[in-house]
Amino acid sequence: MFSGAFATLGKYFKHLIGLSAALYGGALLLMAVAVAVAYSAVSDTLDRMVALGYDEDPAPGDVSTLVIAGICLAVLGIATMLVVSGLMYAAVPAVVQEAVLGRAVTFAAVWRRAWAALFPVMGAVFLTALVIIVPVLLLMVALIGMIVISATAESGTGSVTASVLGILGALATAPLAVWIAIRFCLAPAVVVIEGRRPVDAMRRSAQLIRGDWWRVFGITLLVYAIAGVAGYFVQLPFMFLGMFSSVLGSASLGPEPSVAAVLVMMGGYMVAMLLGQMVSQIIVTTFPQVVTSLLYIDRRIRTEDLAPALTEAAGLPPQGHYPPPYPGGGAPRW
């Protein structure tokens, strides 16, 4: 599985890494422009807030202006990351599908397929996250209720009970969340390759995972661990570069620097950290999705005898006789 993933990354490096870099780089540029526009709009307000003394209260209008600007930036950032991540979740299976057949891939074709499958893929990812989060939210509500009850109780046994229940609840919901995540992890690939809707894709993913959950879990855990470690080490040079630039910039600051001077001093550090985070995000997103897409194909080969259909789609001569996997002798759809 990992050999196939690295081979796919090597042969289709420009398509996978190039598209990922273009998407995340565009998202970073968009957020940089948004931050610059927001700062130009609230710079005077920010200067007044910074100039306040310890015994002075800020004007309500200044506080609301900064809060609104922060909320707008947060909403734009979340929406941008959702769209970019959805495009990557849709683009990687499209590339892997053609890679399995040995076909040439163009950026235009990958982009068209990714954009066409964007909203169904985002729907499948969102529904999976929602199913995972629900038991965790229920636990948090119950825990908060226990904390409130224990805070109003006269004895200290309530807080101990709340802590014990919180630990037991975390131990109970964490395995459930992992089980659900693995059960539906193939849904984006199902959406792209089979053209199914989000809920149907989740059912299909659960069907393919059935009987092989532990193997898929082990491979998924390992691949995310590898991607996480690789992403961390990629960020280290950018972190040191950013710290070095911030130290040089701080030497030129006066005793009472303005907000603009502080932002300029921190600019090099922020740019380096954002570039490191972008490169890390490319690795953490692309490599696991390649492996997940290959896991989808692997599960179909093992459970539905997909090999003859792949051979036919690739234009290769059939290798022996394959029994029909479906009633009526129909071949699996690819």
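Looking at segment 66-78, is at least one residue assigned to a helix (DSSP H, G or I), more than 28 Å from G276 (Cβ to Cβ) and modelled with pLDDT of 85 or more? Checked segment 66-78: at least one residue is assigned to a helix (DSSP H, G or I), more than 28 Å from G276 (Cβ to Cβ) and modelled with pLDDT of 85 or more. Considering the conditions (1) modelled with pLDDT under 90; (2) of a type in the set (G, A, S); (3) surrounded by 16 or more Cβ atoms within 10 Å (Cβ to Cβ); (4) farther than 20 Å from L186 by Cβ, A27 is excluded by exactly one of them, (1).
The values are calculated or read from the model by the stated rules, or taken from the named source; none is laboratory data. Keep in mind it's a predicted model, so treat the numbers as computed, not measured. Here the Cβ is made from the backbone with ideal geometry for all residues, glycine too, and neighbour counts use every protein chain on show.
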